Amino acid sequence: MHPFSRRHFLQDASKAGIAIAANFALSPHLLGQSSPSNPAQPIRIYADSRRTLAPINRDLFGSFLEHLGRAIYEGIYDPQSKLSDANGFRKDVLEEIRKLGVPIIRYPGGNFVSGYNWLDGVGPKANRPVVLDKAWNTINSNQFGTDEFLAWCRLAGTQPLLGLNLGTGTPEQAAALVEYCNVEKGTRWSDLRHKNGIAEPYNVRHWCLGNEMDGPWQIGHMTATEYGLKAEDAARQMRYVDPSLKLVACGSSGPGMPTYLEWDREVLEQCYDYVDAISLHRYFGNTTEETGGDSSKYLAMNLSMERQIDEVAAVCDVVRGHKRSPKKLWLSFDEWNVWYRARSGAAVNGARQSAPHLLEEVYNLEDALLVGGLLNALIRKADRVKLACLAQLVNVIAPIMTNENGLLRQTIYYPYSWALEFARGAVLDLVVESPTYDVAGMGAVNYVDVAGTYQSETGKTALFLLNRDLAKPHEIQIVWEGSSPRAGDTLVLTGSDLKATNTFESPARVTPQKGEQPSTSAGRTTFELPPRSYTVVQWTA
């Protein structure tokens with residue numbers, strides 16, 4: 001911290017009656033954990049555009065499409081629909097993805113990929129086999145495959161993150177797909193692409209080496225050492241074809257796994273030198289097991305995402321030290337979302353149908369608030385997490401739903417769209433002084449959770465604020481170090497009913513509203529956060 005900023009911060013904190021050690025570490029939650037638990041206190045945020053944590057990689061706000069339920073068929077691809085183009089792509093969905101600006105999309109799975117033969121989904125459509133997808137017990141016509149997805153990505157203005165079958169598939173097959181996608185011509189698999197009518201290589205850069213191979217549910221499930229050796233071989237063969245690839249090893253499926261972290265360590269002991277990142281997955285729910293049905297605890301679950309990131313990063317660094325490697329792995333949080341209702345019975349069993357209605361979670365206001373908090377966590381951890389995927393994008397645990405007449409924006413759409421629009425530049429190293437409340441198993445939790453970004457080239461600052469207080473508003477005071485910006489737009493997502501949802505019949509039940517215009521004077525900005533709310537405010541220098 002600059003000496004001038006540090007002095008004034010200490011003076012302001014002292015006036016607020018908070019004792020602070022002279023050598024404190026500036027952390028977004030430090031002061032909240034030591035301040036009195038009095039919700040009536042104003043919440044103070046110290047912001048200095050000269051103090052940033054890391055640049056934000058746009059891929060932090062990616063998404064995911066799996067051959068599952070109606071994500072592909074009846075989601076982005078529906079040749080029979082009046083809303084589709086000549087390629088069978090839903091035009092309304094394409095336009096929505098373009099407007100959102102989704103930077104990268106993982107495909108084709110997910111559990112699906114561990115039994116998928118990519119060759120089934122290329123070539124003349126009349127010759128493609130109809131197969132049983134054993135992961136979800138559905139029928140896959142293979143009318144949509146690699147070429148269709150990569151063509152769709154170009155139209156949607158997004159980049160692909162291709163998943164590889166390291167379940168039933170082999171490292172040789174993985175390298176063959178790289179050759180098909182990225183080699184210009186003159187080899188077996190690049191010539192097959194030409195034969196299929198695609199002259200130019202796709203130049204796919206990001207690849208996932210399998211999916212959740214630690215899970216007993218996964219086709220081809222294996223031990224960490226077995227997987228690590230297979231991933232190492234696949235990575236080596238793929239880099240022989242194209243040395244510019246960015247490769248993500250398959251990490252633990254989540255903290256609830258009995259092999260959590262030990263799996264990651266054993267895998268990386270085998271393949272650390274050949275990969276760039278390791279994956280993290282996590283789904284959250286307001287269930288009896290997770291939260292006891294307590295919404296105030298549910299809205300604090302983003303802090304457990306941060307802990308998971310720290311734990312996996314620590315394992316990466318232990319292996320790095322053991323190998324004395326100069327390379328520092330980054331993290332790919334390539335599956336995350338709220339998902340706890342559509343998780344059993346007919347919601348996860350396709351009953352050998354084509355495009356069955358699977359995992360069609362209906363999201364409410366409190367889900368959207370937590371998604372905002374999860375985005376805050378990812379922003380704060382952008383120094384290590386360089387890629388993340390909201391799972392998924394359309395129809396399947398998704399912000400966007402379709403029917404024959406159009407699309408619906410679910411509640412979680414809005415915080416995701418705000419991150420895509422406003423979270424640019426670098427992450428601000430904010431200091432947040434907030435009253436707290438106690439959460440079982442988590443300790444003292446700030447009533448208000450904050451993340452911020454700053455764009456040096458435009459002078460724009462954005463703050464993303466989650467008010468976890470279910471009953472009371474909170475006054476916010478921002479103390480600007482250096483020049484104070486001019487307030488821009490404030491958008492608020494809130495409501496009186498945490499369980500309110502959007503439907504095709506009532507699509508605007510939970511939608512953003514313009515918030516109170518912040519007032520700035522003498523280097524301080526004040527405004528009020530409503531209870532049960534997620535807010536974004538953007539300022540211009």
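The values are calculated or read from the model by the stated rules, or taken from the named source; none is laboratory data. A quick note: this is a predicted structure, and the numbers were derived from the prediction, not measured. In this analysis, Cβ positions are derived from the backbone assuming ideal geometry, glycine residues included, and neighbour counts consider all displayed protein chains. Please note that ligands, DNA and RNA were not included when accessible areas were found on the heavy atoms of the full protein model with its side chains. Shrake-Rupley method; radii C 1.70, N 1.55, O 1.52, S 1.80 Å.
Out of region 50-99, which residues are within 14 Å of the chain's Cα centre (by Cα) and within 15 Å of residue 393 (Cα to Cα)? Answer for region 50-99, where residues must be within 14 Å of the chain's Cα centre (by Cα) and within 15 Å of residue 393 (Cα to Cα): 59, 60, 61, 62, 63, 64, 65.
Set side by side, the residues 90, 98, 106 differ, and just one is over 30 Å from residue 376 (Cβ atoms) and among the charged types (D, E, K, R), which is 90.
Given the residues 487, 451, 541, 522, which is the only one that is modelled with pLDDT of 95 or more and either surrounded by fewer than 20 Cβ atoms within 10 Å (Cβ to Cβ) or of a type in the set (A, V, I, L, M, F, W, C) (or both)?
Just one listed residue meets the conditions, 451.
Comparison of 243, 258 shows that the only residue that is open to solvent by 10 Å² or more (accessible area, probe 1.4 Å), under 21 Å from residue 111 (Cα atoms) and more than 20 Å from the chain's Cα centre (by Cα) is 258.
Considering region 490-509, and only residues there that are open to solvent by less than 30 Å² (accessible area, probe 1.4 Å) and touching a strand residue (DSSP E or B) at 6+ places or on another chain (Cβ under 7 Å), the residue that is nearest to residue 414 (Cα to Cα) turns out to be 493. Among the residues in region 294-317, are any closer than 26 Å to residue 230 by Cα, touching a His at 6+ places or on another chain (Cβ under 8 Å) and open to solvent by 20 Å² or more (accessible area, probe 1.4 Å)? Within region 294-317 (the criterion being closer than 26 Å to residue 230 by Cα, touching a His at 6+ places or on another chain (Cβ under 8 Å) and open to solvent by 20 Å² or more (accessible area, probe 1.4 Å)), the answer is no, since none of the residues qualifies. The residue of region 277-293 that is least open to solvent (accessible area, probe 1.4 Å), among those that are without any contact (Cβ under 8 Å) to a residue 24 or more places away in the chain and out of contact with any helix residue (DSSP H, G or I) (no Cβ under 8 Å at 6 or more places or on another chain), is 293. Evaluate the following for residue 259: is it part of a loop (DSSP other than H, G, I, E, B), at pLDDT below 95 and on the phi < 0 side of the Ramachandran plot? Spelling it out, it is not the case that residue 259 is part of a loop (DSSP other than H, G, I, E, B), at pLDDT below 95 and on the phi < 0 side of the Ramachandran plot.
Residues of region 246-255 being crowded, with 18+ Cβ neighbours inside 10 Å and in a strand (DSSP E or B), which ones?
Once the filter is applied, which keeps residues that are crowded, with 18+ Cβ neighbours inside 10 Å and in a strand (DSSP E or B), region 246-255 yields 247, 248, 249.
Could you grab me the full set of residues in region 122-178 that are open to solvent by 40 Å² or more (accessible area, probe 1.4 Å), polar (S, T, N, Q) and in contact with a strand residue (DSSP E or B) (Cβ under 7 Å, 6 or more places away or on another chain)? Passing the criteria: only 159.
Being modelled with pLDDT under 95 and in contact with a Gly (Cβ under 8 Å, 6 or more places away or on another chain) is a description that does not apply to residue 388.
When 117, 111, 137 are checked against the criterion of being under 20 Å from the mean Cα position of the chain (by Cα), of a type in the set (S, T, N, Q) and within 30 Å of residue 217 (Cβ to Cβ), 111 stands alone in meeting it. The single condition among (1) of a type in the set (S, T, N, Q); (2) touching a strand residue (DSSP E or B) at 6+ places or on another chain (Cβ under 6 Å); (3) open to solvent by 20 Å² or more (accessible area, probe 1.4 Å) that residue 392 does not meet is (3).
Condition first: in contact with a strand residue (DSSP E or B) (Cβ under 6 Å, 6 or more places away or on another chain), part of a loop (DSSP other than H, G, I, E, B) and of a type in the set (A, V, I, L, M, F, W, C). Now tell me which residues in region 308-351 satisfy that. Hits for region 308-351 are 329, 339.
One residue is enough: does region 457-466 have a residue meeting the conditions among the β-branched types (Val, Ile, Thr) and within 18 Å of residue 483 (Cβ to Cβ)? Yes, region 457-466 contains a residue that is among the β-branched types (Val, Ile, Thr) and within 18 Å of residue 483 (Cβ to Cβ). Note on region 426-441: residues that are open to solvent by 30 Å² or more (accessible area, probe 1.4 Å) and modelled with pLDDT of 95 or more total 1.
Going through region 395-417 one residue at a time, which ones are closer than 28 Å to residue 380 by Cβ and either in contact with a Phe, Trp or Tyr (Cβ under 6 Å, 6 or more places away or on another chain) or open to solvent by less than 10 Å² (accessible area, probe 1.4 Å) (or both)? It would help to see each step written out before you state the result.
Keep residues of region 395-417 that are closer than 28 Å to residue 380 by Cβ, which gives 396-400, 409-417.
If the condition is that a residue be closer than 28 Å to residue 380 by Cβ and either in contact with a Phe, Trp or Tyr (Cβ under 6 Å, 6 or more places away or on another chain) or open to solvent by less than 10 Å² (accessible area, probe 1.4 Å) (or both), then 396, 397, 398, 399, 400, 410, 411, 412, 415, 416 are the ones that fit.
Would you confirm whether any residue within region 352-363 is closer than 15 Å to residue 68 by Cα, open to solvent by 10 Å² or more (accessible area, probe 1.4 Å), out of contact with any strand residue (DSSP E or B) (no Cβ under 7 Å at 6 or more places or on another chain) and of a type in the set (Gly, Ala, Ser)? Checked against the condition, which is being closer than 15 Å to residue 68 by Cα, open to solvent by 10 Å² or more (accessible area, probe 1.4 Å), out of contact with any strand residue (DSSP E or B) (no Cβ under 7 Å at 6 or more places or on another chain) and of a type in the set (Gly, Ala, Ser), region 352-363 yields no hits at all.
Anything in region 326-340 that is of a type outside the set (Lys, Arg) and open to solvent by 20 Å² or more (accessible area, probe 1.4 Å)? List them, or say none. Across region 326-340, the qualifying residues are 326, 330, 339, 340.
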